[in-house]
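The values are calculated or read from the model by the stated rules, or taken from the named source; none is laboratory data. Note that the structure is a prediction, hence the values are computed from the model and not measured. A quick note on method: Cβ atoms are made from the backbone with ideal geometry, for glycine too, and the neighbour counts reach across all protein chains shown.
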Amino acid sequence: MFLENLKLAFNSMFTNKMRTFLSLLGIVIGVGSVVTIMNLGESVKRSITDSMNIGGVDEVSVMPTGSNTVFSEEFAYTFKDNVLGIESVSTYVNTTATLRNGQETKNAQVYGVTSNYFDSSSVDILYGEFFTRENNLQRDQVVVLGYDLAQDLFPGGDAVGSYVSIFRNQAKQYRVVGVLDDTSGSVSGNTNNYAYIPFNTFDQRLKSVRAVSQYIIKVKEGYNATDVATEIKSYLSTVASSSDYYVSSAQELVNMTESVTGYLTTFLAAIAAISLLVGGIGIMNIMLVTVVERTREIGIRKALGATPKTIRSQFLVEATVLSLFGGLIGIIFGVIVSYVVSSAVGWTLYFSVIAIILSLAFSSAVGIFFGWYPAAKAAALDPIEALSYE
Amino acid sequence: MIEKPVIQLIDVRRYYLVGEYLVKALDGVSLSIPRGSFTAIMGPSGSGKSTMMNLIGCLDTPTSGYITIGGEMTNGMNEAELAYLRNEKIGFVFQQFNLLGKINALENVMTPMTYAGIPHKERRERAEEMLEKVGLKDRMKHLPSELSGGQKQRVAIARALVNDPDILLADEPTGALDSKTGSEVMGLFQELHEEGRTIVFVTHDRKLGAQCPSQVMIKDGRIVEGDVFGES
């Protein structure tokens, strides 16, 4: 009986293709938007967490916020002695300065960094190499340029080995040792307009350092970044007042971002689900029309021995098949749209399996719910009146 | 032992309220139709014969009185029980054929067996057998719209017989056919009668009614003796 009902449902669905398509449009758009939103939400979430994983969920950052002079470069070495689970500590200071090569001039952020600064960074070197620990100790005038900065100052592309002037009060010549890879579009930060020089060089030759801008603490494998962050906070409370520093771990940020994108996706999907409801009304409408159109058929079936229950299940199956079919088209539509959008924006597309399962479940529920009334109406028809319906 | 009649109506009344008027479509009808008979129910339009057909066909229930079909009392049955009774004991043949238009002849004949819960293979075999019997072996896969009137009515007869009902209930079955095909279909009914089928034949055509071995005349909701047509 169920198979017969399925066959009848497909039969009636394909007899009037245009009408079927139009009445399914609501479901198609509803399911399509839910799937698109959930797919894109998943993709955004993953691309954020992925880039943070490269940038280091195993990192804890300490930012001096006051003018407490305890936060010097040397202070970096005290973390390891006081807190367990620290792999390495790098630090930096930064300021704005003007860079020049011949006629080309650029304002840029100049960072003074220890040589291990790049160990935990997600940025790769494109040409040349990073400066070394010796460069730092000897206060060498060497610089690593960001991608755009190198392009702008050396349009000929011959940056590595050349000299660039960095102005702050007075100009000094720095030898370019490396150029960083293009990081535009990276979630962890765009370094294209930054210049990096050794920390000690910065302190001696550019601007003397009272307090560093940030300590970047790399957590040892097997230790939890959030736990280490807590330990670091309790250590810092012994050397400075809590208003003098701010401790954050990338892990916390990842957790927060995940929950925020999660909430946002759910919220948007819930709004899209309202259109599913509208789609359901479309199904109900077309089923009511179908029942009226097929009054005579219902009369004949009743005369042949169909019980009210049989008639009701026939029309319920039809409504459910109709709305499931709409759901399937919607999923295909949603997958295509999310593919197009994600490739246009440059995200890696992740499919939300939950969205697809939910959409199928939801559209069959919509079919049963909105098909119930028309089906009950068909089942309640009087056989004699139905048989004489023209 | 005398066999119980296959259809028995005892003082059956069927009243309708149309607006403020009470229409007495059937007003105290008693009737027994024995198994194996071929009975014409005749009467002019508005006489109550359609109401009587609907009651015998279990499509309707009486206002008062008792009806037994194949030995089963229909009083107090709910819609589902009446549906089972129609499926099992009654085979309908209508003037307008009433085939299901979107499915082919074979599937039409299979439909009553679907409702009886018969497995697919058996449904198919029995439907093929029945269509062969009414002479439509080579038209089984045709849609109703691809069949002539006479062929449609043969499909309808095959469909009515396929559940082996107690009663074949025909409502003006030749009314939409030309006289040649009409008499062919009538011939088919005669054959079925000779095979022992109980046939109730509802018509307003006195010549057709006269071809049936027994007749019941209805006028103004009552059974009358003699020729009801002569008076009107």
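A:Ser248: surrounded by 22 or more Cβ atoms within 10 Å (Cβ to Cβ), away from chain B (no Cβ under 14 Å) and touching a helix residue (DSSP H, G or I) at 6+ places or on another chain (Cβ under 9 Å), yes or no? No, not satisfied.
For residues in region B:128-146 being in contact (Cβ under 8 Å) with a residue 40 or more places away in the chain and more than 10 Å from B:Asn108 (Cβ to Cβ), which is surrounded by the most Cβ atoms within 10 Å (Cβ to Cβ)? Step by step, filter region B:128-146, then rank; the result is B:Val134. From the set of residues in region B:39-60 that are crowded, with 17+ Cβ neighbours inside 10 Å, of a type in the set (Ser, Thr, Tyr) and out of contact with any Lys or Arg (no Cβ under 8 Å at 6 or more places or on another chain), which is farthest from the other protein chains (Cβ to nearest Cβ)? This residue is B:Thr39. With a requirement of 1 or more residues that are within 30 Å of A:Ala9 (Cα to Cα), the strands (runs of 3 or more DSSP E) lying completely within region B:1-112 that satisfy it span B:90-93.
Exactly one residue out of A:Asp124, A:Asp152, A:Asp158, A:Asp148 is under 30 Å from A:Asp50 (Cα atoms) and surrounded by fewer than 19 Cβ atoms within 10 Å (Cβ to Cβ): that is A:Asp124. In region B:3-29, the residues that are under 20 Å from B:Lys89 (Cα atoms) form Cβ pairs under 7 Å with partners that are surrounded by 11 or more Cβ atoms within 10 Å (Cβ to Cβ) and of a type in the set (Ser, Thr, Tyr), at six or more places apart or across chains, as follows: B:Pro5/B:Ser32; B:Val6/B:Thr198; B:Gln8/B:Ser32; B:Gln8/B:Thr68; B:Leu9/B:Ser30; B:Ile10/B:Ser30; B:Ile10/B:Tyr66. Restricting attention to region B:68-86, and to residues there that are farther than 18 Å from A:Thr295 by Cα and buried (at least 21 other Cβ atoms within 10 Å of the Cβ), which single residue is nearest to the other protein chains (Cβ to nearest Cβ)? Once the filter is applied, the top-ranked residue is B:Arg86. The residue list B:Asp220, B:Asp166, B:Asp171 contains one member that is among the acidic types (Asp, Glu) and farther than 30 Å from B:Leu106 by Cβ, which is B:Asp220. None of B:Lys152, B:Lys121, B:Lys89 is within 14 Å of another protein chain (Cβ to nearest Cβ), in contact with a strand residue (DSSP E or B) (Cβ under 6 Å, 6 or more places away or on another chain) and charged (D, E, K, R) except B:Lys89. You will find that of A:Ala344, A:Ala378, A:Ala365, the residue that is farther than 24 Å from A:Leu24 by Cα, among the aliphatic types (A, V, I, L, M) and at pLDDT 85 or above is A:Ala344 and no other.
Of all the residues in region A:328-387, those that are free of Cβ contacts under 8 Å to residues at least 12 places away in the same chain and farther than 30 Å from B:Met53 by Cβ number 11.
With respect to the stated conditions, B:Gly182 is among the small types (Gly, Ala, Ser) and surrounded by fewer than 22 Cβ atoms within 10 Å (Cβ to Cβ). Please indicate, with yes or no, whether at least one residue in region A:17-29 is in a helix (DSSP H, G or I) and within 14 Å of chain B (Cβ to nearest Cβ). No, region A:17-29 has no match at all.
Tallying residues that are among the aliphatic types (A, V, I, L, M), crowded, with 19+ Cβ neighbours inside 10 Å and assigned to a helix (DSSP H, G or I) within region A:133-145 yields 0.
Screening the candidates A:Val260, A:Val254 for the property of being away from chain B (no Cβ under 14 Å), without any contact (Cβ under 8 Å) to a residue 24 or more places away in the chain and in a helix (DSSP H, G or I) yields one hit, A:Val260. Please indicate, with yes or no, whether at least one residue in region A:306-317 is free of Cβ contacts under 8 Å to residues at least 24 places away in the same chain, within 14 Å of chain B (Cβ to nearest Cβ), charged (D, E, K, R) and on the phi < 0 side of the Ramachandran plot. For region A:306-317, residues free of Cβ contacts under 8 Å to residues at least 24 places away in the same chain, within 14 Å of chain B (Cβ to nearest Cβ), charged (D, E, K, R) and on the phi < 0 side of the Ramachandran plot: absent.
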